[in-house]
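Below is one structure, written out as structure tokens; the observations come after it.
Just so it is clear, none of the values below were taken in a lab; they were calculated from the coordinates. Here the structure is a predicted model, which means the values were calculated and not measured. Note that we place each Cβ from the backbone using ideal geometry, even for glycine, and neighbour counts take in every protein chain shown.
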Amino acid sequence: MDKAYDHKKVEQRIYERWEKSGAFVPEVNPGGEPFSIILPPPNANAPLHFGHAMYVVEDILIRYHRMKGDKTLWLPGADHAGFETQFVYEKQLQKEGKSRFDFKREDLYKNIWDFVQANRPIMESQLRKLGFSLDWTRKKFTLDEDIVKIVYATFKKLYDDGLVYRAERLVNYCTFDGTSFSDLEVVYEEQKNPLFYIKYGPLVLATTRPETKFGDTAVAVHPDDKRYQKYIGKEIEIETVLGKAKIKVVGDGFVDPNFGTGVVKITPAHDFDDFEVAKRHNLPLKQVIGFDGKMNEKAGKFQGLYIKQARSAVVEEMRKKGLLEKIDENYIHRIALCYKCKNPIEPLPLEQWFVKMKPLAAPAINAIKAKKIKMYPTRHTQTTLQFLENIKDWNISRQIVWGIRIPAWECSDCDEWTVTAGENPKSCSKCKSLIINQDDDVFDTWFSSSQWPFATLMTTGNDNDFKTFYPTSVMETMYDILLFWVARMIMMGIYKTSEIPFKDVVLHGMVKDPLGKKMSKSRGNVIDPLELVEQYGADSVRFALVYGTAFGNDQALSYPKLQATRYFANKIWNIGRFIIEFKPERYSKKISGKDREILGKTEDLARCVSESIEKYRFHDAAEALYEFIWHEFADKYVEEAKTRREVSQIVLEEVFSTLLKLLHPFMPFITEEIYQKLSPGKPLIIEKWPHFAKATRGKQSFARSSKDESANEKK
RNA sequence: GACCGUUUAGCUCAGUGGUAGAGCGCUUCGUUCACAUCGAAGAAGUCGGGGGUUCAAAUCCCUCAACGGUCACCA
């Protein structure tokens, strides 16, 4: 054996051997209890980031259960990541001086498809380099034909059940990206913007958006506001930048008499509140901003100006006409931004497909409250319930091409929609007209993702997989997509299969840069996990991510910690070297008190590690392993063994072999490599998990209790 | 505005009622015999502030503060 551990000589060779031997497929334990995790599918278009490296905790669970003899499945996949991927692709087009509008729909789709197919293998090889024991024979892609078929069928079922409807509503529209978004994809930012006080005939009102005034169809005041009661229900004459006009005054409780002047302009086509007010008072919708982000013909001479230009132009005109009473320059409010390009989101009226969420949320709420689905750390339960209890209908239409095209056709004769489970309809389902056109839009990528657990297991090619592995045991991902993904999987899973999609939701924290800042491309502080794997070895990176931070908390990437875990790997290597290569002459077959003691403590460690893994307290397990292997086994037992007259090689090897097994889920490569040298034959990955008696030793953590005992010994 | 998280040794962080811990850093010593990627010893903390419960609080309760985050339609 080399004097120091060299991961570069080991990792790839070991991984290939595991994969070829079939160790990753559940059939390796045919008689065991099912244990399954569906890997959150990484975006197919991009290399992995540090969040993905945190999937190491899934590998720990999988390897632990595999060694325990469970029929264990970890199913990998890739996500087409609709808008995200198209966005990346469009950036690339931009560099070439092109835009998506230079291509026909089919060509653009084909190009992105090729782009994704070229990138996907990178991501998959990276998962291998991290040592993840995924069953590659069952890998799925969100655009696989059989997956798409299931997504279509779900949409059809929702439609038939009256849970999907098409309606013209205000949607969150990004005029820069040219698509609408769901509420979750809107981010809010505090900004200081001028608040303009505008004269409306006899009234004055405050607004941040004077350019939308062409879309006003009323003015609202609070019904009890004495100042304005005489106007309610009447029309007032106002002078505008486009000349004289008449406008209705309505009384509505939503108006806060204490804000501004207590008068609000009602612009139903461009404001969510106003849209609701308009519904209550039967006010018309007047759209003055187009989907291109420019003022339309209803804005008169301001037509063609972008929103921001129009705002200053209108303000300037109002100033000239004396319509501007004052400007509050220090007004701070929150404005809606596109989560991706950070430009303002425009509320615009658009016909879209919506999913009625309340009926879907109710059973999900019940499942969580009844503890059929549990969350770790538990604090996330409240967040999820709060979201589900206040849920609104979900806009699932996206105006992009990269995704699953919505299987709905509009009749050009009767305007009725025909929805199918994917097949092309011959004619309109209502009037039988032959002239029908498919919706151009595609599904929100989360709509298909929400079906991932059952969609994958139904399409592995193995008919028993769904029956065997659904509901899955654990859904593990980062907490930032709890609402986007996990909550929706619960709802769609229960809707489609009448069963929960998974039992335990386990959520890891964010890996931040060494200064504790979130990694992001714009900040330029992104660290490639694979570079660290190259430098420190996969085992060290894995262990560093689990060790030293309570599971579920955010952590800053720490180079000292990576170095420490690499030293740890080297320490283990050298313990192995000592036991395997430096056999002194004085070994005996007698088992001494010291031997019995270390055997007992090792059993305690096995219990501690097992219990910690099952409670998703991976950091406890890692710390116990680190402490025991280094400071108990190596520093005390092995050191002392050098000076003893007689040493039991059997105990030495037995304990060490147990330690390798316990450590294997965390550091699979080095443990496998040493294990093969210690006892060539059966791969460690499918060895039996160490046995331990059920009895507990009290509440103290293992690491501490072992320390206390050694302190006592000295006395 | 509501909710959540964090606040413990110089740094990064464990620790949910019973005499304050780890890694890194620092000090001293040792070690040619598995490992200098080693070993032994040590210095270092009013556990954010204040109040309360308890025989006992870093840990439970109340309150305040700072930082981070999530959700919420206020023009």
Inset, instruction - Mind listing the long-range amide H neighbours of A:Ala556? Cut-off is under 5 Å, sequence gap 5 or more, other chains count too, H placed in the peptide plane at 1.01 Å from N. - result: A:Lys512
Inset, instruction - Kindly write out, for the stretch A:481-494 in residue order, the coupling ³J(HN,Hα) from the Karplus curve 6.51 cos²θ - 1.76 cosθ + 1.60 (θ = phi - 60°), rounded to whole Hz, with x marking Gly and Pro. - result: 10, 4, 7, 4, 10, 4, 4, 6, 5, 4, 5, 6, x, 5
Inset, instruction - May I ask which residue of A:Thr72, A:Thr418, A:Thr381 lies farthest towards the positive end of the charge dipole of chain A, with charges of +1 (Lys, Arg) and -1 (Asp, Glu) on Cβ and the Cα centre as origin? - result: A:Thr381
Inset, instruction - Calculate the dipole size of chain A relative to its Cα centre from +1 charges on Lys and Arg beta carbons and -1 charges on Asp and Glu beta carbons; express the result in debye to the nearest 20. - result: 1140 debye
Legend entry - Integer Hz, Karplus 6.51/-1.76/1.60 couplings in order for the stretch A:651-660, x for Gly and Pro: 5, 3, 6, 5, 5, 4, 4, 5, 4, 4
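Rg/Rh for the stretch A:219-269: what does it come to with C-alpha atoms and Rh from Kirkwood?
Reported Rg/Rh (Cα atoms, Kirkwood Rh): 0.98.
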Legend entry - Anchor A:Lys226: aspartates and glutamates whose Cα lies under 19 Å away (excluding residues fewer than 8 positions away in-chain): A:Glu235, A:Asp252, A:Asp256
Legend entry - With Cα atoms, 0 to 90° folded angle of helix A:668-678 axis to chain A main axis: 10 degrees
Inset, instruction - Give the Rg (one decimal place) followed by the Dmax (whole number) of the stretch A:175-223, computed from C-alpha coordinates and expressed in Å. - result: 15.1, 41
Inset, instruction - Please tell me which of these pairs span more than 18 angstrom C-alpha to C-alpha: A:Lys71/A:Lys688; A:Lys3/A:Lys571; A:Lys213/A:Lys321; A:Lys213/A:Lys286; A:Lys589/A:Lys688; A:Lys372/A:Lys615? - result: A:Lys589/A:Lys688
Inset, instruction - List A:Val88, A:Val151 from most exposed to least, where exposure is judged by having the fewest other Cβ atoms within 10 Å. - result: A:Val88, A:Val151
Legend entry - Entries of A:Lys68/A:Lys517; A:Lys91/A:Lys149; A:Lys8/A:Lys342 with Cα pairs more than 32 Å apart: A:Lys68/A:Lys517; A:Lys8/A:Lys342
Legend entry - More than 17 angstrom apart: percent of Cα pairs within the stretch A:490-572: 59 percent
Legend entry - Distance between the stretch A:142-209 and the stretch A:15-92 - C-alpha centres, whole angstrom: 33 Å
Legend entry - Other-chain or far-sequence residues with amide H under 5 Å of A:Asp413's (modelled H): none
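Across every pair of different alpha-carbon atoms, what Kirkwood hydrodynamic radius in Å does the stretch A:134-236 reach?
19.8 Å
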Legend entry - Helix A:11-21 axis, angle to chain A major axis (alpha carbon atoms, nearest 10°): 90 degrees
Legend entry - 222 nm mean residue ellipticity, helices alone, for chain A (DSSP H n ≥ 4; -39,500 (n - 2.57); rounded to 500): -12000 deg cm²/dmol
Legend entry - Rg/Rh ratio calculated on Cα atoms of the stretch A:242-394 (Kirkwood radius): 1.07
Inset, instruction - Just need the relative contact order of chain A here, percent rounded to a whole number, with Cα pairs under 8 Å and 6+ apart. - result: 16 percent
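Can you sort A:Asp107, A:Asp216 so the residue with the fewest Cβ neighbours within 10 Å comes first?
Placing the least packed residue first, the sequence is A:Asp107, A:Asp216.
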Inset, instruction - Find which of A:Ala569, A:Gln399, A:Phe83 sits farthest along the positive direction of the dipole of chain A, computed with +1 on the beta-carbon of Lys and Arg, -1 on that of Asp and Glu, about the Cα centre. - result: A:Ala569
Inset, instruction - Return one number: the angle in degrees, 0 to 90 and rounded to the nearest 10, between the long axis of the Cα atoms of helix A:82-95 and the longest principal axis of the Cα atoms of chain A. - result: 80 degrees
Inset, instruction - Pull out a ≥ b ≥ c, the square roots of the eigenvalues of the alpha-carbon gyration tensor of the stretch A:102-179, then state rounded if a/c is under 1.5, prolate if not and a/b is larger than b/c, and oblate in the remaining case. - result: oblate
Inset, instruction - Just report the Cα centroid separation between the stretch A:339-410 and the stretch A:289-326, whole Å. - result: 35 Å
Legend entry - Within the stretch A:337-390: Cβ-based charge dipole about Cα centre, in debye rounded to nearest 20 (Lys, Arg +1; Asp, Glu -1): 420 debye
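Cut-off is 10 Å between beta-carbons; in what order do A:Asp183, A:Asp225 appear when sorted fewest neighbours first?
Fewest-to-most ranking of A:Asp183, A:Asp225: A:Asp183, A:Asp225.
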Inset, instruction - For the pairs A:Lys248/A:Lys340; A:Lys590/A:Lys682; A:Lys392/A:Lys503; A:Lys521/A:Lys561, note any where the Cα-Cα span goes beyond 32 Å. - result: A:Lys248/A:Lys340
Inset, instruction - Select from A:Met1, A:Pro26, A:Asn111 the residue farthest towards the positive end of the dipole of the stretch A:1-118; place +1 on Cβ of Lys and Arg, -1 on Cβ of Asp and Glu, and compute about the Cα centre. - result: A:Met1
Legend entry - Cα extents of the stretch A:435-559 along the three principal axes, largest first (Å): 59, 41, 25
Legend entry - Average silhouette area of the stretch A:553-593, convex hull of alpha-carbon atoms, in square nanometres: 5.6 nm²
Legend entry - Debye log10 I(q)/I(0) for the stretch A:6-127, one point scatterer per Cα, at q = 0.09, 0.13, 0.15, 0.16 Å⁻¹: -0.38, -0.68, -0.81, -0.87
Inset, instruction - Return the sequence-ordered ³J(HN,Hα) values of the stretch A:235-247 in whole Hz as given by the Karplus equation 6.51 cos²θ - 1.76 cosθ + 1.60 applied to θ = phi - 60°, using x for Gly and Pro. - result: 9, 10, 8, 10, 9, 10, 5, 9, x, 6, 8, 10, 9
Legend entry - 5 Å binning of all Cα-Cα separations within the stretch A:596-686, expressed as whole percents from 0 upward: 3, 13, 24, 23, 21, 11, 4, 1, 0
Legend entry - the stretch A:448-498 - Kirkwood radius from inverse mean 1/r over Cα pairs (Å): 11.4 Å
Inset, instruction - Could you give log10 I(q)/I(0) at q = 0.05 Å⁻¹ for chain A, computed by the Debye formula over C-alpha point scatterers of equal weight, without solvent? - result: -0.34
Legend entry - DSSP-defined antiparallel bridges as percent of all bridges, chain A, nearest 5: 70 percent
